[in-house]
Structures are given as C-alpha cells and as structure tokens.
C-alpha cells in the first residue's frame, strides 16, 4: 500500500499552500485517477510521492515504511515530457541501462526496436522516447507507477497503445498506478476510482479566457 | 560552418569536420617542426643580406641585420603559441574550479564567484593585463600570469550555468531514484556535459590568449627583446615601416592571424564533433 498521510506542501514560506492535509491511498493492483486543472499541485504531489520533494507536513509510506533515502525507489514517476527526462548525450541503450539491464520481453511488448537503442534522444520521436522512459521505470523493483500526464502530448493512437500495454503489465505485476490527467474520458476509461482533491478546490483564481 | 567553404560538397559534415581538425593540427605541427629545423637561423646576422624584400629564396625577406624573417616568424609564433597555450590552459583550469565551486558549494560561494567574475569583466581588459604583467615583473612569466588571471570569467560563467542547469534537470534528479549515488551521477551525467564545454572553451581561449600576449609584448609590457615573440617582431618592425620595409610587419602579422583563425576553426569543429546533435550530420 502506498499511503500519503495528511500531506501539506508549499514552495516557500511566503507562498500559498498548494495542498493541506491531503490523504491518498493506492493499493497494489489499483489504478487511481487524479484529475484537476493546471497549476494546482498535481505534479508536485506526484514528485512528493516519488521522493523528488519532501512534504512540509505529513508522510509518505510504502507498506508502512518511509521511502528509502538511497537505493532504488519502489515508487517511480513518469514525466509529461520524456525528452527532458533523458540525458541528451546518452544513447537510448545507456538510458535504459541506468535502471539496470532491461527486460527483453518488456522491450518487445512495448514495441521498442533494437535499432532505437543506438540512437540519441533527438533522433527518436516523443512516443518512442516515452516508451523508453516507461521501460526504464518498469524494473522488477518498481511497485507503484505515477503517470504525470504521461501520454498527453502523444497522438490518440500511440496513447491507446501505450495505456493498453501499461494496464496489462500493471495487472500482471500487481502494480499500483496513479494516473494524473486533465482528460476526464481517459480517467473514466482507465481507473478504478478517482481522487477528487484537486478537482474540487476552488480557492485559486481561475483562468478566464476572453477572445477579443 | 567554415568547413563547408573549403571542402567538396559531396563529403558529409563529419568528414569535413574531421578534415578541418586535421588541417589545423598539421598546421601547428609544421610550425613547431619548422621552427626546430631552422636551428640558430634567424638569430645570426648576415650584413650582406640586409633589408631584402620577399623573394623565392627568402619568402618573408630579411630584416635590417640580414636575419631571415621566415625563420624569425616561425620561431616567434612558436614562442607566442607556447605562452598562449600555457596561459589559456591555466585560465581554463581556474575557470573550471571556480565554475564548479560556484555551482556546487552553496549560495555564499556562488555569490562570491559571480561577483569576482563580474568585477573582472567590468575592468578594462588591456588595463588589467598591463597592470598584472607589470606587477609580475614582465617577461614570459608576467604575460602568462596576466593572461591567465584575466581570461577566466567567461568560461567560469558557462561552466557554472551548465552545472546549475544540469542539477535541476529531470534526468539528473531521476538518477538517485534509480539508486545511483552522487559519485556515479557526477561521472556519468555531469562529466559528459562539462568536459566538452571545458575543452571547447579552452580551444576558443587560445586565440584570445595569443593575441593578448602579442598585444602586451607589442606595447612593451611583455616579452623582452631577446625573445623574438611575434609581439616583439611587430614592435621592432614599426621603426622600419616608414623606410618601406613593409614585409617585416606583414609577414609575422599574417602568420599570427592565420594561427588565431586556425584555433577558432579547431574549436568550432571540435564542438560540432562532440555534440550529439551535430555528431552524425
């Protein structure tokens, strides 16, 4: 069980609270959706759950224990922009090897061709890179996968393909999934339940678009 | 880039880049080997052969004491290159240390280094060079210290910015989550980005260092007259220009410009070769 207990976070003492006393539970094999408008702190929450940031108050527990300070983190985060999540001077093969020897079956399952592994990130498309990042995050030690707008910049076809594979793997390995997205239809389709913390708060000024 | 102008267009970018690098390296090798082969020529006087204009036998002519100008120019550029290379290397090492310190050792060190770099950049370059060289007693040592101590700010800023940007990059923040330690991250993530910046920065510092060393010497604050560096040759030639001995200034000046340009071409092509974006074009 991945548990977030009464999390509160702000980026500085002068800043507004992004969220306060937020509770979240993800069981192994469970797929939880997290909808909400931009700029409310969804990605920040994901970074706290994956150990990139530390919450001001509250705790994150995996199976009753806090996230490890060093070593492989069982909670892995996938970013919206895969091209920023890979070292531009590494070939795809090196990028994958950073997380250990990639599983050949997984590579084949996600349609990653061996020729891609000798290419640099700028020689691969966004969808191809996102699949590389996905393989990197899906080592045998990963228990929970946080997908932060993982497919929002991909075309519908690749989007469907990637999600189909991810759901299949998650079910097989009993992974807990957190799906962060604006796309209500996507969440309805994928998730067992949705967490509405960010969808309901309304004390941030809302963006109004006016056309002249 | 420059490589495109000189080589056949059916060659691909990589071949042209390698060819440009090769030609620059051969050029420098020829200077050093030729200067060595000339022995003591260019120092011995031959009063019968005074003030000869350039000819097939003596392409750069002779000076007012009958010394062969080609030999003098080659030896002069060798001294200038040596001084420039030493100064630029020292300067680049200072830049590397300060840049890394600013980016890695916290806010106070960062402020201090940034302030130092701003202060050094705000001081007029030539004034700083003359002051330092004079304070260090002139000569090759004075020129090297002056050039090394005044050329680090630009590269320091580049290295500081590069490391700061890397530290905030998603792929570097992600590495600890995959179980990688700080040493591994420094070696595998930081080094491949900082090393090319350092190398190219070093190569592009050479022309500045060589020109400033020559300039300092020309103004009389650098090498002594018995070390015939390019700056000394140019300074001496000034007295004979009005007598019509134009080749005394033109020949060494031309070689100086060609050497500086060669380093520029070398730096730009090495950069193209090291960057994966242009590596395979």
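The values are calculated or read from the model by the stated rules, or taken from the named source; none is laboratory data. Keep in mind it's a predicted model, so treat the numbers as computed, not measured. Neighbour counts are summed over all protein chains in view; Cβ atoms, including those assigned to glycine, are modelled from backbone coordinates with ideal geometry.
For segment B:145-162, the set of residues classified as in contact with a helix residue (DSSP H, G or I) (Cβ under 7 Å, 6 or more places away or on another chain), more than 14 Å from chain A (Cβ to nearest Cβ) and under 19 Å from residue B:105 (Cα atoms) consists of B:152, B:153, B:155, B:156, B:157, B:158, B:159, B:160, listed by residue number.
If the condition is being farther than 26 Å from residue A:154 by Cα, assigned to a loop (DSSP other than H, G, I, E, B) and touching a residue at least 40 places away in the same chain (Cβ under 8 Å), then segment A:40-63 contributes A:53, A:55, A:56, A:63. Just one of the numbered conditions (1) over 22 Å from residue B:235 (Cα atoms); (2) out of contact with any helix residue (DSSP H, G or I) (no Cβ under 6 Å at 6 or more places or on another chain) is not true of residue B:51: (1). Hey, among the residues in segment A:87-126 that are free of Cβ contacts under 8 Å to residues at least 24 places away in the same chain and not in a loop (DSSP other than H, G, I, E, B), which one's farthest from residue A:28 (Cα to Cα)? Of everything passing the filter in segment A:87-126, A:123 is farthest from residue A:28 (Cα to Cα).
Based on this model, can you work out whether residue A:187 counts as touching a strand residue (DSSP E or B) at 6+ places or on another chain (Cβ under 6 Å) and assigned to a helix (DSSP H, G or I)? Against the criterion (touching a strand residue (DSSP E or B) at 6+ places or on another chain (Cβ under 6 Å) and assigned to a helix (DSSP H, G or I)), residue A:187 qualifies.
Selection of segment A:99-116 for residues being surrounded by 14 or more Cβ atoms within 10 Å (Cβ to Cβ) and either within 14 Å of chain B (Cβ to nearest Cβ) or more than 20 Å from residue A:161 (Cα to Cα) (or both) yields A:99, A:100, A:102. Screening A:95, A:48 for residues that are at pLDDT 90 or above, under 20 Å from the mean Cα position of the chain (by Cα) and more than 9 Å from every other protein chain (Cβ to nearest Cβ) leaves exactly one candidate, A:48. Among the criteria (1) closer than 30 Å to residue B:278 by Cα; (2) assigned to a helix (DSSP H, G or I); (3) touching a helix residue (DSSP H, G or I) at 6+ places or on another chain (Cβ under 9 Å), the one residue B:26 does not fulfil is (3).
Among the candidates B:243, B:227, B:223, the residue that is surrounded by 19 or more Cβ atoms within 10 Å (Cβ to Cβ) and not in a helix (DSSP H, G or I) is uniquely B:223. Put simply, of B:181, B:220 the only residue that is without any contact (Cβ under 8 Å) to a residue 40 or more places away in the chain and within 14 Å of another protein chain (Cβ to nearest Cβ) is B:181. Whether any residue in segment A:127-144 is closer than 21 Å to residue A:196 by Cα and in contact with a strand residue (DSSP E or B) (Cβ under 9 Å, 6 or more places away or on another chain) is what I want to check. Checked against the condition, which is being closer than 21 Å to residue A:196 by Cα and in contact with a strand residue (DSSP E or B) (Cβ under 9 Å, 6 or more places away or on another chain), segment A:127-144 yields at least one hit. Scanning segment B:56-78 for residues that are assigned to a helix (DSSP H, G or I) and surrounded by 23 or more Cβ atoms within 10 Å (Cβ to Cβ) turns up B:69, B:71, B:72, B:73, B:74, B:75, B:76, B:77.
Kindly indicate whether any position in segment A:74-86 is more than 13 Å from chain B (Cβ to nearest Cβ) and assigned to a loop (DSSP other than H, G, I, E, B). No, the conditions are met nowhere in segment A:74-86.
Per-residue answers, yes or no, for (1) away from chain A (no Cβ under 14 Å); (2) touching a residue at least 60 places away in the same chain (Cβ under 8 Å):
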position	(1), (2)
B:204	yes, yes
B:214	yes, yes
B:224	yes, yes
B:229	yes, yes
B:238	yes, no
B:249	yes, no
B:266	yes, yes
B:275	no, yes
B:280	no, yes
